[in-house]
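Below is one structure; the comments refer to it alone.
The values are calculated or read from the model by the stated rules, or taken from the named source; none is laboratory data. Keep in mind that what you see is a predicted model, and the values were worked out from it rather than measured. FYI the Cβ positions are ideal-geometry reconstructions off the backbone, even for glycines, and counts take in every protein chain you see.
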Amino acid sequence: MTNALNLRAGAMSTPRSDALYERACRVIPGGVSSPVRAFRAVGGTPLFMERGAGARIFDADGREYLDLVCSWGPLIAGHAHPAVVAAISGALARGTTFGAPCAAEVELAERVTAAYPAAEQVRFVSSGTEAVMSAIRVARAFTSRDLIVKFAGCYHGHADHLLVAAGSGLATFGKPSSAGVPEAFTACTRVLALDDEAALRTLFARDGARIAAVIIEPLPANHGLLPQRREFLAAIRELTSRHGALLIFDEVISGFRLARGGAAEVLGIRPDMATFGKVIGGGMPVGAFGGARRVMARLAPDGDTYQAGTLSGNPVAMAAGLATLDSRSSRSSVASPAAMATGLPERVPA
Ligand SMILES: Cc1ncc(COP(=O)(O)O)c(C=O)c1O
């Protein structure tokens, strides 16, 4: 078995992956469907995977790896968990999509709202990006304000107004961090440094009446793991409440992982809205956003804020999410991730 930790660019012969990559590059930009898979940050060329089982993943050349990536978060129950596979197979046989509501989305929504009290109602979408994008639209509609505040080092998906780089100075105006994003699209986004309470207070003192929402990964995980001082998050909570802005916790990674109630539960801080993805879809394309009933009431068809999706609440994806959450329900997931990580490098076979 190859230890993924010891995988080094060019150290192995992977003729099938190499051939697939060559073919892929002809028809897919960069040969991949999402840039991080291209291995550019670590060197080498992508490995093409064929199957996974539990903690193991197998590439097109038949090599076996201990998978510490777990599809970047969704596979908290491991690859092809028998209960998840059975749930997907059962749903699959009954049809893949109806374009109409199904019982499984009600069940998953009940499961999410029960675990995450701040989400009194949720709506399902197909990715974390879509969840964040939709939550921000609702927040803007609810507050009748335009400005969004985010923090450097937090990732919230690839919606135009969130692909924003921090500039220099305090509470910088959003500058697009990607080509193809007009400056006008990021003009309503402000970027602050994490843990800079003074900058946050200054921004609210100046622009508080214009701020629709502050969005943060309560446990920023996309720039290394950057645990935040609870006091900093509490200060955001206090300032948003005082100024009539909404606090959005992006729990796409932390949701149902740190605890069933995500970082909000661990921190004891209740946001106005939260976004989810990854774990709640059990490896299928699912995202969700939720919040206080009065906020979510702004969504069409009840409200005036449009948001929709052909495959939202898809029965197969909902079944995968339900089975995945059920597979965690017997465990106390609060302590286990930390406990599991303790001494991990020593336990990984060479
Ligand atoms: C915190 C956070 N929010 C949003 C997203 C976007 O999710 P997706 O890749 O499903 O669009 C990610 C993706 O990694 C994420 O980590």
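Data table
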item: Residue match in region 167-177 (condition: modelled with pLDDT under 95, within 16 Å of the ligand (Cβ to nearest atom) and on the phi > 0 side of the Ramachandran plot); result: no
item: In region 98-139, the residues that are within 16 Å of the ligand (Cβ to nearest atom) and of a type in the set (S, T, Y); result: Y116, S126, S127, T129, S134
item: Leading residue by the ranking (farthest from the ligand (Cβ to nearest atom)) among those in region 225-247 that are touching a Ser or Thr at 6+ places or on another chain (Cβ under 7 Å) and in contact (Cβ under 8 Å) with a residue 60 or more places away in the chain; result: G244
item: Failed item in (1) within 16 Å of the ligand (Cβ to nearest atom); (2) in a strand (DSSP E or B), with I57 passing the rest; result: (1)
item: Count of residues meeting criterion [within 27 Å of N314 (Cβ to Cβ) and within 16 Å of the ligand (Cβ to nearest atom)] in region 260-282; result: 14
item: So G224, is it in the same structural domain as V316 (by TED's automatic domain parsing) and touching a helix residue (DSSP H, G or I) at 6+ places or on another chain (Cβ under 8 Å); result: no
item: Residue, modelled with the lowest pLDDT, within region 301-350, restricted to residues that are outside any helix (DSSP H, G or I) and among the hydrophobic types (A, V, I, L, M, F, W, C); result: V334
item: Extreme residue, farthest from D195 (Cα to Cα), among residues of region 105-134 that are under 13 Å from the mean Cα position of the chain (by Cα) and small (G, A, S); result: S126
item: Filtered residue count, region 263-288, keeping only those that are crowded, with 21+ Cβ neighbours inside 10 Å and either under 12 Å from the mean Cα position of the chain (by Cα) or among the β-branched types (V, I, T) (or both); result: 11
item: Cβ-Cβ under 7 Å pairs, at least 6 apart or on other chains, region 75-102 side closer than 17 Å to T324 by Cβ, far side at pLDDT 95 or above and of a type in the set (S, T, Y); result: I76/T324; A77/T324; V84/T324
item: Residue list for region 28-46, filter: modelled with pLDDT of 90 or more, away from the ligand (no atom under 16 Å from the Cβ) and of a type in the set (A, V, I, L, M); result: I28
item: Residue match in region 282-291 (condition: among the aromatic types (F, W, Y) and either part of a strand (DSSP E or B) or on the phi < 0 side of the Ramachandran plot (or both)); result: yes
